[in-house]
Amino acid sequence: MHMNIREDCKTVELWLNREERDDLMFRESLKPLYLQYKERNYLVALFFSGEEDLYLRTRDLLLYNRRRTAERAVEQKKV
């Protein structure tokens, strides 16, 4: 697990690998940590490792966003 505490925006990021993600006992053991930071008005964000290729998924998302931006620009010119 990787933990990133961001004091500036009062967030705690917990990054779990696949093994940790699938271990229910490990995830239950994090509850006291959630409560500790909740008492301090922090938002705890839990991130899980995925199953898909990060590079390909990020590329696809960026291409989709670029295409949608271009489509919206064309629509705005029509109006």
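Roughly how many debye, to the nearest 20, is the charge dipole of the chain about its Cα centre, given +1 on each Lys and Arg Cβ, -1 on each Asp and Glu Cβ, and no other charges?
Values: 16 positive and 15 negative charges, 136 e Å.
Around 660 debye, computed over the chain.
Using the count of nearby Cβ atoms within 10 Å as a rough guide to exposure, how do 79, 12, 44, 74 rank from fewest to most?
Numbers: 79 4, 12 20, 44 17, 74 9.
Fewest-to-most ranking of 79, 12, 44, 74: 79, 74, 44, 12.
Using modelled amide H (1.01 Å from N, peptide plane; none on Pro or chain starts), what sits under 5 Å from the amide H of residue 44, excluding residues fewer than 5 places away?
Under 5 Å from the amide H of residue 44 lie the amide H atoms of 12, each far enough along the sequence or on another chain.
If you filter the chain for GluC sites (Glu not before Pro), then keep DSSP loop positions with at most 16 other Cβ within 10 Å, what is left?
Passing both the DSSP loop test and the Cβ count: 51, 52.
Going by a ≥ b ≥ c, the root eigenvalues of the Cα gyration tensor, does the chain fall in the rounded group (a/c under 1.5), the prolate group (a/b larger than b/c) or the oblate group? Please report the intermediate quantities before stating the final value.
Working: a/c = 4.06, a/b = 1.90, b/c = 2.14.
Oblate shape, in that a/c is at least 1.5 and b/c is the bigger or equal ratio.
Against the longest principal axis of the chain, how steep is helix 54-78, in degrees 0 to 90 to the nearest 10, with axes from Cα atoms?
Once rounded, the angle reads 40 degrees.
If you keep only loop residues by DSSP, which trypsin sites (Lys or Arg not before Pro) in the range 1-38 have at most 12 other Cβ atoms within 10 Å of their Cβ? Spell out each step's value before the answer.
Working: sites: 6, 10, 18, 21, 27, 38; in loops: 10.
Filter output for the range 1-38: 10.
Read-outs throughout are calculated quantities, based only on the coordinates presented, and are distinct from any laboratory measurement. Predicted model only: the values in this text are computed from it and were never measured. Cβ sites come from the backbone with ideal geometry, for glycine too, and all protein chains shown count toward neighbours.
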